[in-house]
Each structure stands twice: as structure tokens, then as C-alpha cells.
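The values are calculated or read from the model by the stated rules, or taken from the named source; none is laboratory data. Since the structure is predicted, the reported quantities are computational estimates derived from the model, not experimental observations. Here Cβ is always computed from backbone atoms with ideal geometry, including for glycine, and neighbour counts include all displayed protein chains. For the accessible areas, the whole protein counts, side chains as well, though only heavy atoms, and no ligand, DNA or RNA atoms are used. Shrake-Rupley method; radii C 1.70, N 1.55, O 1.52, S 1.80 Å.
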Amino acid sequence: MRARRARQRSLFDTGYPDHEMGRGLAAISAALDEHLEFVDWIAEDVDRAGRSLMGRAGLPCEVILRCGILKHLWQSDYRELEFVLADSASARRFTRIDPARPPKRSALQRCIRAVRAQTWERINRALLGTARDDGIETGRKVRIDSTVTETHILNPSDSQLLYDGVRVLSRLLARGRRKLGPDAFPFHDHRRAAKRRKWRIRRVRMPRKVELYRELLDPARSSSPRNPSPSTISSRGSSSR
């Protein structure tokens with residue numbers, strides 16, 4: 001059976017360095033020591049995934065928990081986490097791994113991925129409850145960091161912006177007519193005509209471009225419907241109810 005707790009720390013352990021990140025790791029480690037039930041939750045998922053009975057003993061559940069938290073805290077992948085655990089004394093102290101035998105990338109990936117998303121959410125809710133009771137955090141605001149992916153961006157030309165306006169307005173108006181009925185307000189879909197003029201503008205030069213821009217403004221203006229009468233809206237609303 002996989003061990004739950006990590007081995008006892010050495011008497012020569014000097015603790016975390018007097019640095020902002022060191023103090024932060026020490027505070028997180030102390031908070032985890034107050035919730036020993038987290039280790040049992042991790043053990044349930046890891047035991048469910050199963051492991052081979054051959055080879056070296058698997059990582060203790062406490063180490064898996066702390067390695068997963070460190071990976072998320074420093075936003076590193078498994079290859080970077082392998083190097084950090086082999087290189088950083090503070091990371092080894094926080095995760096409580098054996099300094100002489102740091103885990104490999106494959107072992108970290110296999111163990112951390114065995115923990116279900118429901119378990120991480122359960123741990124997060126428990127920590128949030130403790131922070132709320134201690135007056136540290138209310139949990140009413142959440143900050144989310146999104147992943148940035150390099151991609152091509154269309155050149156924001158005037159013709160493209162005008163066409164985007166016609167396309168979005170026409171889509172919203174078509175959706176409104178489906179809900180209110182075909183007689184709610186007059187509407188003509190000019191998306192195809194605006195798209196053709198947009199591509200023609202890109203292929204011609206001045207002064208022909210000015211004439212095409214004037215032609216593109218016509219469907220942009222006509223995409224806005226005339227204001228329907230209040231009686232039409234009220235009758236449509238009462239019939240829908």
C-alpha cells in the first residue's frame with residue numbers, strides 16, 4: 001500500500017530562506033499540516049488508479065499533494081517541475097521529497113494526474129472555508145489567469161470593421177425576429193452584399209475605393225431597423241407569455 005505521509009525531516013534542515021517566496025511556502029506548508037484529511041483524499045484517488053507492484057516504492061500521498069500544489073503555484077509543466085525539485089532546496093523542503101532521490105517527470109505526471117478534479121476542488125473549498133473563518137479571504141472575488149496563445153490577428157481595416165458591424169447587427173436582428181415574429185419589425189439581411197463590397201475594397205485602389213466605401217455604408221445604415229411601435233411590442237410580448 002502506498003505510504004500516506006512523507007519521511008521525517010532531517011535534523012540538519014535549516015528551514016526556508018528569509019525571502020518573500022520562502023515565507024510564502026512556509027505559510028502554505030503550515031496550512032497543509034493543519035488539514036491532514038487532504039492526504040486521505042489524495043490516497044483515495046491514487047489507490048483507485050492503481051500502481052505496479054514492481055520497482056521502487058511510489059511517492060507518498062503527502063508528496064503528491066504538495067507537488068501538485070507547487071506545480072500549480074509556479075505554473076510549470078512536469079519537465080520544469082522535475083528540474084525544480086532536483087535543483088531547489090526550498091522546493092524539496094516544501095514537497096518533502098527525498099533529496100537523494102528526486103522523482104522523475106514520468107512519476108510526477110502519473111501521480112499528479114491520478115488526482116481527480118473533484119478532489120482538487122474539494123481541497124480548494126476546504127482551504128477557502130478556513131481562510132473565511134480566519135478573516136483572510138471572503139471568496140467573493142476570483143482572479144483567473146488565462147493561457148496566452150500566439151495566433152494571427154486580422155488587420156483591423158475600415159472595411160473589415162464595417163462588415164463586422166453589419167454581420168453582428170444582422171445576426172442579432174435575425175434572432176430577434178425569430179423570437180418576436182416576422183411582423184415585429186422590417187429587416188433585410190445585407191451580410192452577403194456587405195461581404196462582397198468588403199473584398200472589392202481590398203482589391204481596388206483610390207479613387208474607386210471611396211465609391212465602394214460609400215456603397216458599404218448603405219447596408220451598414222440599413223441594418224438598423226426602424227423603431228417598432230409600442231403596441232407591436234406589447235402585443236408580441238403578451239402573446240409570447
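The figures follow:
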| read-out | value |
| --- | --- |
| Helices (runs of 4 or more DSSP H) contained in the range 118-232 and holding at least 3 residues among the polar types (S, T, N, Q) | 158-180 |
| Matching entry among 160, 109 (being of a type outside the set (Asp, Glu), over 30 Å from residue 203 (Cα atoms) and modelled with pLDDT of 80 or more) | 109 |
| Residue check for residue 46: surrounded by 14 or more Cβ atoms within 10 Å (Cβ to Cβ), assigned to a helix (DSSP H, G or I), modelled with pLDDT of 90 or more and among the β-branched types (Val, Ile, Thr) | no |
| Index of the failed condition, residue 170 passing every other in (1) open to solvent by 90 Å² or more (accessible area, probe 1.4 Å); (2) more than 30 Å from residue 125 (Cβ to Cβ) | (1) |
| Residues of the range 88-117 satisfying the condition of being open to solvent by less than 60 Å² (accessible area, probe 1.4 Å) and in a loop (DSSP other than H, G, I, E, B) | 88, 96, 97, 98, 102, 103, 114, 115 |
